[in-house]
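Here the structure is laid out as structure tokens; the discussion comes afterwards.
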Amino acid sequence: MKTFYHPIQKTHDPKHFLSSGALQPNPEQPGRVDMLLDAVNALGLAVEEPADRGLAPMAAIHTSEYIRFLQTIYARWQHIPGASAEVIPNIHPNRNAASYPKSAVGHAGYHQADTACPISAETWDAAYWSAQSALGAADHVLGGVLSGAGAAYALARPPGHHAYADMAGGFCFLNNSAIAAERALAAGRRPAILDVDVHHGNGTQGIFYARGDVLTVSLHAHPERFYPFFWGYEQERGEGPGEGANLNLPLARGTGDDGFLEALDAAKARIGAFAADILVVALGLDAFEGDPFQGLAVTTPGFGRIAASIAELGLPTILVQEGGYLCPELGDNLRSFLSGFGEAHRAR
């Protein structure tokens, strides 16, 4: 299994975010890259820098207004007297009837869903190359459908599944998993996205909610008392052409390996019924029992069991890194997942 990663992704170094109104150190740190790369290297997997496939694959998912915002907002923010060092919104519109302002403060509020996606000078380049890593993995798998390259791993950092078509949120700026799925769709495949992060993939759901050509499935801690709070409930099934093409499987806080695997069986059944012929896995390792967010209680061996179960689908698979935050076992969890997936895939 080949890994795709570009070192520019590590330059994004957010300092703070607001949690329950308090300023806290941002947990989405560059050190995550070191631990994940150590895991990849320990498995002997080849690491390749992605080629630059340009902006068009991102523009297929994200609006031009939003892309321009990400490219320019940091420089504009510096002209505001007394502004914070990083772009953090302090106002959010009612999007049901919102006009588009001209001010940088207004644009930050319009395009940033929360205070957990601070933007610095390096954010755009890091997010751009994170998306390129997802595209590299997607193209590798798409090119190998006939030649046998059944899976690839994108070390995509910053992550992406909370990013909507025109809005950042939850440490995410460009929706890497959605971009990979759209790439597969454009190549004539029928993709499903399976999100196994501790947080609901609300941005991914929002992007495809009214579409029936991409199935979105998310297993996550129940949002009634957990981020993102407003999305990720069972009744959210899609709308219009997308009705029935969205499946949420929220789990009780503290759910461990067996409960997660039981829900995964339901996810796999829906993926089979959709007749997906390629899979994008939004791989969150923050479902771990020792992750700082403490939402679920998957063990390190449990990640291997989850991966082996996913591999049983027998689909070409693009693994896109989402969450999983700094704890001593982060690299062990990735090793467990990739090993479990590889062993099950080879056994088929």
Notebook entry, point to check: Among the candidates Gly143, Gly150, which residue alone is touching a residue at least 60 places away in the same chain (Cβ under 8 Å) and over 29 Å from Glu122 (Cα atoms)?
Noted result: Gly150
Next item on the list: Filter the range 7-39 for residues that are closer than 16 Å to Gly324 by Cβ and either among the charged types (D, E, K, R) or in a helix (DSSP H, G or I) (or both) and give the result.
Entry: Gln9, Lys10, Glu28, Gly31, Arg32, Val33, Asp34, Met35, Leu36, Leu37, Asp38, Ala39
Note to self: Can you tell me which condition Gly44 does not meet? The list is (1) on the phi > 0 side of the Ramachandran plot; (2) of a type outside the set (Lys, Arg); (3) at pLDDT below 95, and all the others hold.
What the structure shows: (3)
Item checked: Cβ pairs under 8 Å, 6+ apart, first in the range 241-264 and closer than 20 Å to Arg305 by Cα and among the acidic types (Asp, Glu), second modelled with pLDDT of 95 or more and not in a loop (DSSP other than H, G, I, E, B) -> Asp257/Val298; Asp257/Pro301; Asp257/Gly302; Asp257/Arg305; Asp257/Ile306
Next item on the list: Please specify each residue of the range 35-55 satisfying the condition of being out of contact with any Phe, Trp or Tyr (no Cβ under 8 Å at 6 or more places or on another chain), within 22 Å of Leu285 (Cα to Cα) and in contact (Cβ under 8 Å) with a residue 24 or more places away in the chain.
Entry: Met35, Leu36, Asp38, Ala39, Ala42, Leu43, Ala46
Item checked: Residue among Asp277, Asp258 that is over 16 Å from the mean Cα position of the chain (by Cα), over 25 Å from Ala184 (Cβ atoms) and surrounded by fewer than 20 Cβ atoms within 10 Å (Cβ to Cβ) -> Asp258
Item checked: Given (1) of a type in the set (Phe, Trp, Tyr); (2) in a helix (DSSP H, G or I); (3) surrounded by fewer than 19 Cβ atoms within 10 Å (Cβ to Cβ), index of the condition Tyr233 fails -> (2)
Next item on the list: May I ask you to list the residues in the range 286-318 that are charged (D, E, K, R) and farther than 16 Å from Ile271 by Cα?
Entry: Asp286, Glu289, Asp291, Arg305
Margin query: Looking at the range 210-230 only, could you name the residues that are outside any strand (DSSP E or B) and either out of contact with any helix residue (DSSP H, G or I) (no Cβ under 8 Å at 6 or more places or on another chain) or surrounded by fewer than 19 Cβ atoms within 10 Å (Cβ to Cβ) (or both)?
Written below: Ala210, Arg211, Gly212, Asp213, His222, Pro223, Glu224, Arg225, Phe226, Tyr227, Phe229, Phe230
Next item on the list: Please indicate, with yes or no, whether at least one residue in the range 230-239 is under 13 Å from the mean Cα position of the chain (by Cα) and of a type in the set (Ser, Thr, Tyr).
Entry: no
Notebook entry, point to check: Does the range 293-304 contain any residue that is in contact with a His (Cβ under 9 Å, 6 or more places away or on another chain), more than 28 Å from His140 (Cβ to Cβ) and surrounded by 22 or more Cβ atoms within 10 Å (Cβ to Cβ)?
Noted result: yes
Checklist line | Enumerated helices (runs of 4 or more DSSP H) restricted to the range 40-157, each holding at least 1 residues that are more than 19 Å from the chain's Cα centre (by Cα), surrounded by fewer than 21 Cβ atoms within 10 Å (Cβ to Cβ) and of a type in the set (S, T, N, Q) | finding: 64-77
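The values are calculated or read from the model by the stated rules, or taken from the named source; none is laboratory data. Just so you know, these numbers come straight off a predicted model, no measurement behind them. Note that each Cβ is placed from the backbone with ideal geometry, even for glycine, and that neighbours are counted across all protein chains shown.
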